[in-house]
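Engineer: I have a structure here, written as structure tokens, and I will follow up with some questions on it.
What follows draws every value from the coordinates through simple rules; no lab data is involved. Worth saying up front: this structure is predicted, and the values here are computed from it rather than measured. For neighbour counting, all protein chains shown are included, and Cβ atoms are generated from backbone atoms with ideal geometry for every residue, glycine included.
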Amino acid sequence: MRPLRLYLVQRVTAAIMVPLVFLHLGLILYAVQGGLSAQEILSRTQGSVFWGGIYGLFVLCASFHVSIGLANILQEWTPLKRIAAANIAHTFALIVMLLGFRAVYAVVF
Amino acid sequence: MTTTHKVSIWRGGADGAYAHYEVPARESQTVLDVVTYVQRHLDPTLTYRFACRVGMCGSCAMTVNGVPRWTCRTHVSKVTGGGELKIGPLSNMPIIKDLACDMTEFFEKWQKAQSRFVPTKTRKDPMERIRPDTPARVAANAGIECINCGVCYAACDTVAWNQDYLGPAALNRAWTLANDERDGGWAERLKAVSQNGGCHSCRSHQSCEAHCPNQLNPAASIAGLKRLSTSAYLKGKLK
Amino acid sequence: MFKPHRKPLWYAAMVHRLSGLALSIFLPFHFLVLGLAIEGEAELDSFLKWTDSPLVKFAEMGLVFLLTVHLLGGLRLLVLENFAWRDDQKTIATFAAGASVLAAFAFLFQVV
């Protein structure tokens, strides 16, 4: 049932990210008015449980979503075998996740 | 006045090439008529498949000007627009010779998907009454007119990219059986279509729906299988 | 050799896959930049100064398009797979692409 589980994780993370991406897009359009500054960004995020939670969840979902999507692309578009494609994609996604949590840590704490 | 069609037909195996022919134009001429003319009058060694000539048997599908089609139900005038007619075998299947492709794997995948009816009654039981208006029967009816021509399989990019993928036709059949209340094979079948290359490999390009000569929608059937397998899995019925 | 003609929904699927691929390659860089804040506000600010150039803003507009088109295309797929089938998928896919272009231009108007 591995393909079904991967499918499920891919779609569930996608569904969770739908409102998160709408929020993120809205925030982008709002925040870029008058240019971005570190002070503006950090004043919003530092110590904020809300933004920390939102972006923590976002990073978690995005890494799983990337992992599965990338594995599919590598398997279908390169000569790589399924296991090799999955290993490369999972490694990449792990890096995305670690960098993501580091970024959330950087702007929240 | 006799006019002719310029026709290119694939000759040979995978390393073959297009050969060129001039075929007299006729009224209401189908692509299959053109292929038949070439074999009878120009080159008797041309290999192709057909049987019924009226869109019932599913054996004459070929790639016509880049599009997989039933040649018997395709008028030449509809596809050439006055230009050249280019006829090749279906893609995604090995070429045997000329316009005949090897459909062995296509049919093996039907078996792999457990796309066969598993009876739950014997001949001693009375005939089961099936109401035509239940949602399951309506769903089954929407997909049962498939005649295994292989057009959807040839049109599918996922089949080209993923050699394990069972393909639209086999999965469409699995979905119609899943909605057949007389069938008893659902557990094995759901398991079979949830393996590597099963319904979850479908990328919803909907090329199957776009090309099916019977106007079926295998992509919708596969989406149904995705829902069915997911709900069975979440209920713990699919291990 | 015998590849079938491409249909509009095939392009929709390609846009979804390629935008997803591009976004996943962008993500580590995005996170590295935000991670600069660990070393202090000044570090992050010096990078943000660089992003003020019109060329970078143009690239960011592309990113907004990619994110929106992947979001709306993905939403279309989720609906397609999980709810009763709708036959007007071409219209929905076109709408998703159109809305994404609008979002990208909205971004452009915000930054200029």
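Engineer: Could you compute the FRET efficiency for residue B:26 and residue B:144, with r as their C-beta to C-beta distance and R0 at 22 Å, rounded to 0.05?
Structural biologist: My answer for the efficiency is 0.05.
Engineer: Residue by residue through C:42-54, how many Cβ atoms from other chains fall within 10 Å of the Cβ on average?
Structural biologist: Mean inter-chain Cβ contacts per residue within 10 Å come to 3.
Engineer: Can you check what the net charge comes to around residue B:110, using other residues whose Cβ is under 11 Å from the Cβ of residue B:110 (Lys, Arg +1; Asp, Glu -1)?
Structural biologist: Neighbourhood net charge equals +2.
Engineer: Relative contact order for chain B using alpha-carbon pairs under 8 Å, separation at least 6, rounded to a whole percent?
Structural biologist: Taking the mean separation of contacting Cα pairs over the length of chain B, I get 17 percent.
Engineer: Using only Cα atoms, tell me the angle between helix B:168-178 and the longest principal axis of chain B; keep it within 0 to 90° and round to the nearest 10.
Structural biologist: Approximately 30 degrees, to the nearest 10.
Engineer: Let me ask you something else. May I ask which residue of B:80, B:28, B:41 lies farthest towards the positive end of the charge dipole of region B:4-101, with charges of +1 (Lys, Arg) and -1 (Asp, Glu) on Cβ and the Cα centre as origin?
Structural biologist: B:28
Engineer: Summing +1 for each Lys or Arg and -1 for each Asp or Glu, what net charge is found among the other residues whose Cβ lies under 13 Å from the Cβ of residue C:30?
Structural biologist: Once all neighbours under 13 Å are counted, the net charge is 0.
Engineer: Which lysines, on any chain, are close to residue C:49 with Cα under 22 Å apart, when same-chain ones fewer than 8 places away are left out?
Structural biologist: Correct list for residue C:49: C:57.
Engineer: Choose one of B:171, B:154, B:104: the residue whose Cα lies farthest towards the positive end of the charge dipole of region B:104-234 (beta-carbon charges +1 Lys, Arg; -1 Asp, Glu; about the Cα centre).
Structural biologist: Highest projection toward the positive end goes to B:171.
Engineer: For the protein assembly as shown, what is the charge dipole size about the Cα centre, in debye to the nearest 20, if Lys and Arg each add +1 at the Cβ and Asp and Glu each add -1 at the Cβ?
Structural biologist: Dipole magnitude for the protein assembly as shown comes out near 1540 debye.
Engineer: Just rank B:183, B:43, fewest to most, by other beta-carbon atoms within 10 angstrom.
Structural biologist: With the sparsest Cβ surroundings first, the list reads B:43, B:183.
Engineer: Could you tell me the relative contact order of region B:105-235? Use alpha-carbon pairs under 8 Å, at least six residues apart, and round to a whole percent.
Structural biologist: Worked out over region B:105-235, it gives 32 percent.
Engineer: With respect to the cross-link table entries A:81/C:90; A:81/B:226; B:109/C:7; B:86/C:7, which display a Cα-Cα separation exceeding 29 Å?
Structural biologist: Result: A:81/C:90 exceed 29 Å.
Engineer: So if I place +1 on the C-beta of Lys and Arg and -1 on the C-beta of Asp and Glu, and nothing else carries charge, what would the dipole magnitude of region B:100-174 be about its Cα centre? I want it in debye, nearest 20.
Structural biologist: I would put it at about 580 debye.
Engineer: A further question follows. Express the relative contact order of chain C as a whole percentage, based on alpha carbon pairs under 8 Å and six or more residues apart in sequence.
Structural biologist: Relative contact order for chain C comes out at 35 percent.
Engineer: Taking the Cβ of residue C:46 as the centre, find all other residues whose Cβ is under 13 Å away and add up their charges (Lys, Arg: +1; Asp, Glu: -1).
Structural biologist: After counting each charged neighbour, the total is -4.
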